[in-house]
Structures are given as structure tokens and as C-alpha cells.
Amino acid sequence: MAFRIFIVVCFVSFTSAFSQTNGVEVEEKTDVSQNNVVLKDSLVDGKKPKVTQVLFQNDSLLIQKFEDNFLAAGVDEKWLEELYSNSLYDTVYNSVAQMNFEEVEYPELPTDTLKSRLALLNARTPFNVEYNPSLESVIKGYLKNRRELLQRLINLSAFYFPMFERELDNYNLPLEIKYLAVVESALKPRAKSRVGATGLWQFMFSTGKMYGLDVSSYVDERSDPIKSTEAAAKYLSKLYEIFGDWDLALAAYNSGPGNVTKAIRRSGGYQNYWNIRHNLPRETAGYLPAFLANMYIFEYAEEHGFTRPRPEVAYFETDTIRVKQMITLDQVAEVTGVAIEELQFLNPSYKLDIIPFIKDENYTLRLPRTVIGDFVTNEEQIYAFAKAEFDKREKPLPQFFDADAKTIYRVRSGDFLGKIARKYGVRVSQIKQWNGLRSNDLRIGQRLTIYPRNPNMAVANNATTKVVAGNATTYVVKSGDTLWGISQKFPGVSVQNIKDWNGIRGNTLKPGMKLKISKG
């Protein structure tokens, strides 16, 4: 399988927007001598249950880190909204299904300039990127009416395209096929069509199974970027063997080989896509023009004023660990300090945010490389912590709550589960369990039942308020401290609490820094 497992510890980590510090040093064991128990907000039962503290050892190979490893900090809220919004996928899908080829007035791109650029593009790709008026109308229509959409797609491509290119190269396929995922899913790994096609490459259930993609209650590998790309490469290779033409192979990928052969027959035997297009299903008729238009725009992005920003997290700055025990992304977020939204983005194939452990199955956790060493060094403690939490979750959570304590939250534009969870001091997995959610998708106006950790809390208007209520205390950061380690010293305080109270956007701490901690 092309989904290879690496357990890599780096001496110098890549700069990342989600850079992490090391775990708690051994000298911090003083709290443990008192029964080795602290209070922790692992379950929202109104009683603040006790769990055994997870003590982190420093990974010996990660002790030396350079200052500039931590320069990039913070998660842009608009970026998170982009990751968990389906609006981008819906917009792209509609643009293909409802495509028309009417002439578009766009003087910024003269026809002669377009012809010369398409000729250059045609010379270096096996696809037929020859000029025709229909393709010109699509390109100009996109540039004129969809500039914001295109910039968002270019931003997302910075993360996905390197992994696409690697898998396509492994199967000796044209690297330009990476643009197919733009048309198929708008680069949304959890995108789901009206007929059930899922993932970056929009596999139907049966086709995904045929090409080795596991789909179960916990896992949907159609949403796994690497495994689904490998499956798409195998499928496209087979279609090219059948048709001997990449344009027809892409059309068959979208509508099925049968629809393409019927279109060939109905056209009188023509085998050029543009000659059989009028006999293809409506969506497929706009499919290849959309693919070629995106190829042109991405290849000539700078010439049309688009930027190629560095992604908040890059594919080559992440690595995978094969799990040895069932664990949730919530638990991983708590012990590593990595934001739950980042973990969901890096691990989109886990439908319930739970990574199962099944014999003979290689389920993996993808993490930023800056925390891989710490996770491996402390695996035993982390899995013990996860098991203790699972043991406490045997009973249905809602029974622990007084009906008067629940809140009904109405989803607004820009909301995602992590944002709502932080607002009420609960976990994403709890919101999903309380409301029977099988995915992270939310719709505006949807009502969610929430059991706040403190029912009497005065909920702020946003999750990043810097106001610290009640009897706050000040903690002075010492050498070797991490947000996770500090949160363990204060009952009922989470990493996100400390961040919110002190306006911290990343995970960087400096010795001597003063942190406000609210105990109430």
C-alpha cells in the first residue's frame, strides 16, 4: 500500500503554524506524590471526575530545538471555517452541473494570449488542451465570476497537491490529474455528493470497496487523502487501458465507462471528447472543460493575480503513527496540545473522531512532526489515559446531567464543532454523542443539545475572550513547561482554557511568562 507508516523523530523540525513544545519534565512530579491524582475535565458529569495524571517525559532527541521553530503560531479562524465548510464543494459541483458555454466578455485575457498559453500547456501534457471557443468561455467565466473561489482552492491545493503528485508518480500517471480532485470535491476530504460519492476523489461505496478502500462505522477510507489517491490512480490506469485516451478516461471516471461508449456510438463513432460531449450526461458534458479550465488557471495563477500562500500546515511537516489501542482525537488533542480542528483535518477518514484498534488493520494517526517524538516517548502513559477515559464512558453521558443544565444552541454561519465545544467548555465528541452526529457537518439553523461543563457559567459571545472571571491566580512559566503540563496542575483547567484566558494563539511558552489561571 502507498499509505506507508513512518515513525520519525527529527532533530530539527520544520517550521509549522502549529509548532509544539516538549512535555513536562520529571522535576514536575511534586504534584504526583499526593495520591498521584488530579482533577480533570475529561467527562462532563457535573462532578469533575478524577483521572490519573499523564506525566510527559521529554523526548531525548527533541531536547535541542531552535528558536525559529516556533515563530509561526496560531490558527486562523477563517482557515478553520474553510476546512469544515461544504460551501466550496457545493459551489464547484453546481458550476460543473450547470455549466453553459456562452461567450464571456473578459478583456483582461485576450484570445491570442489564451491561445498561445494553451499551446504551451498542450505541449507538456498528454491531455488535449487545444483552444476552442467553449473552453475559452469556461476559463473567462471562472476568472470573471469565481476569483474568490479559485483563490480558496489554490490555498487548499498547497497542502494536498504534493501528496497527489507522489501517488500519481508512483503509478506513472500524468501529474496534471491532481486537478481532477479540484473538480470532483473542491479538495474537501469529507465531501459527499447527493448520490453518496465521498472523499477527495468521490468514490461510490462499491467502487471504493473494489479498489481496497475500507468503509465501516468508524472509518471511511474514501476520505483518506493518500489511500483514496492511490485507489483513484489504480482506477484511472484501468480506464486509460480501456479507452487509450486521457480525456475519455476522465469522462468515464465521472459518468462510468458505459455512458462514454454509448456516447461514442450515438455520435457515429467519434472518439474525441469534444465531438461526443453533446451525447454525454449533462454533468459530464461540463466535466472535462472544468478540469481543463482549472488546469490552465492553476498553471497560470500568478499571471492572473492569484497568490500561492504557504499552507498553515504542510503535508511534508506531518508524519504517521500506527495506533496500538483505540484512542479519540479529543484525547490526542488533550495530551499533545494540538488543536482538535488540526487533528480532524489531518485525519479525515475517522468518521466519529475515534481511531479504532483492530487486529491486522493498520489504522494510523497523522500528527505534526513536532509532536511525533513526544507521542512515541510517552505512548504507554497516553494509552493508559485513553483507556481510563473509555472505562468512564461506559454509561450514556446524558444520564449524568440534570435536564435543567442543558442548553439548546442554534448553529450560525461560520460555526464548526470545535468552536462550539470551546464556547461551552465541552468536547467535540460529546456534542456529537449528545446529538447523534455521525460527521462534523453542520447546517445553519440546526439545533444542538449542549450540557455545559458548568451549567451556571456566563457564556461569552465568542470562544477567544480574554476575560478571567472570579478568583484567578497567576502562574509563572518555568523552563520545560508546556500548556498541557500547566493545565494538569489546576483542577478542571484545560489547555484551551489557558489559551483563551491569556490570548495565546499558538503553543509557545517562554520562561518567566505570567499566565492568568481561573479556578472558578
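FYI, it's all coordinate maths here, none of it is from the lab. Predicted model, so just to flag it, every value in this text is computed and none were measured. Positions of Cβ are generated from backbone atoms using ideal geometry, with glycine treated the same way; all protein chains shown enter the neighbour counts.
At an R0 of 35 angstrom, the distance between the Cβ atoms of residue 205 and residue 444 translates into a FRET efficiency of 0.80. Among 141-153, 412-424, the peptide with the highest mean count of other Cβ atoms within 10 Å heads the list, and the full ranking is 412-424, 141-153.
Of the GluC sites (Glu not before Pro) in region 306-380, the ones in a loop by DSSP (not H, G, I, E or B) with at most 13 other beta carbons within 10 Å are 361. A simple spin-label model places pseudo-atoms 7 Å from Cα toward Cβ; at residue 271 and residue 105 they are separated by 4.3 nm. For region 178-265, the alpha-carbon coordinates run over 43, 23, 22 Å along the three principal axes, in decreasing order.
List the residues of region 204-233 whose backbone N lies under 18 Å from a point placed 7 Å from the Cα of residue 169 along the Cα-to-Cβ direction. Residues 226-227, 229-231, 233 fall inside that zone. Between the alpha-carbon centres of region 284-319 and region 344-374 there is a gap of 27 Å. Over the C-alpha atoms of region 144-214, the Rg to Rh ratio, Rh being the Kirkwood estimate, stands at 1.00.
Taking 0.36 nm per residue of separation and subtracting the Cα-Cα distance, full extension of the segment from residue 359 to residue 489 would add 43.1 nm. Each residue, residue 217 and residue 112, gets one label point 7 Å from its Cα in the Cβ direction; the gap between the two is 6.7 nm.
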